Amino acid sequence: MNQEPIIVADNIRKKFGTNQVLKGVSLSARQGDVVTLIGSSGSGKSTFLRCMNLLEIPDDGKIFVDGEWVQMRPKPRGYQEPADRHQVDRIRAKLAMVFQNFNLWSHMTILENVIEAPIHVLKKPKKLVVDEAMALLDKVGISGKAHAYPSHLSGGQQQRAAIARALAMQPKVMLLDEPTSALDPELVGEVLRVLQQLAQEGRTMIIVTHEMKFAREVASQVVFLDQGVIAEQGHPEQIFLSPATERCRQFLASVKWS
């Protein structure tokens, strides 16, 4: 395995008004790593993920993706902003985001959702993209729904479609923000099985999740965020069997494992 990081977040800070959500969070992942971010609601997990994808611009800190650092320039009051919007677009194309609530385009079929970005962003031929999209929909188990609209699918099917749409961009890293939190309990398993398969295939993923059993079984690294800082991180067996901090022990005792 390549030992060089494919993505790095260095000392990320983010404030909304007077609320300091991230207080200097750093993380790196190599090719094939599966990093799970766990912690209580409000600990900064989703904001951190959005900063990595530049959907939120960090007030301070640096982001590195696939060999390049995002160029930043100072703004008034000590904040910063990207210096090159073309670089941001290029980097975002390497980081596929899967959201809690699917974010599929309701006026497009599932197939149209999957092929839209590869055609218009990657400029790939439509026939090739359609063939690749059908293979991805088959991979996530919903090829029979290719010509249906999102409203005709269950939540689990919609999330699997969103994962196929992310994979269609051939990303270097997948960022998943609580991909099962909006699902009915009986539908969670079908999405987790797809993610487990992607992990086994060596897909690099950073996943915000409340599914502790999944995090323990699939992750190569677990990061526990608490009040905007990394309170603990390490191998899943270390975090889940022998947490070093009392705060992490309290959190793990309070969550469901099913």
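The values are calculated or read from the model by the stated rules, or taken from the named source; none is laboratory data. Bear in mind the structure is a predicted one, so any value in this text is a computation, not a measurement. So basically every Cβ, Gly included, is an ideal-geometry build from the backbone, and we count neighbours across all protein chains shown. All accessible areas refer to the heavy atoms of the entire protein, side chains included, with ligands and DNA or RNA removed. Shrake-Rupley method; radii C 1.70, N 1.55, O 1.52, S 1.80 Å.
Numerical summary
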| item | result |
| --- | --- |
| Top-ranked residue in region 13-34 [being open to solvent by less than 10 Å² (accessible area, probe 1.4 Å) and touching a Ser or Thr at 6+ places or on another chain (Cβ under 7 Å); ranked as farthest from W69 (Cα to Cα)] | V34 |
| In region 52-71, the residues that are within 11 Å of the chain's Cα centre (by Cα) and under 22 Å from Q227 (Cβ atoms) | M52 |
| Residue in region 93-100 that is within 14 Å of the chain's Cα centre (by Cα), over 30 Å from G234 (Cβ atoms) and either surrounded by 18 or more Cβ atoms within 10 Å (Cβ to Cβ) or in contact (Cβ under 8 Å) with a residue 60 or more places away in the chain (or both) present | yes |
| In region 116-148, residue farthest from A166 (Cα to Cα) [restricted to those that are aliphatic (A, V, I, L, M) and part of a loop (DSSP other than H, G, I, E, B)] | A148 |
| Residue count for region 1-39, restricted to those that are out of contact with any Phe, Trp or Tyr (no Cβ under 6 Å at 6 or more places or on another chain), touching a residue at least 40 places away in the same chain (Cβ under 8 Å) and among the small types (G, A, S) | 5 |
| Lone unmet requirement of (1) open to solvent by less than 30 Å² (accessible area, probe 1.4 Å); (2) touching a residue at least 24 places away in the same chain (Cβ under 8 Å); (3) more than 17 Å from the chain's Cα centre (by Cα) for A168 | (3) |
| All positions within region 118-144 that are open to solvent by 70 Å² or more (accessible area, probe 1.4 Å) and basic (K, R) | K123, K126, K127 |
| Odd one out for H210, checked against (1) closer than 27 Å to R13 by Cβ; (2) modelled with pLDDT of 95 or more | (2) |
| Wholly within region 1-100, strands (runs of 3 or more DSSP E) carrying at least 1 residues that are touching a Cys at 6+ places or on another chain (Cβ under 8 Å) and not basic (K, R) | 5-16, 19-30, 60-65 |
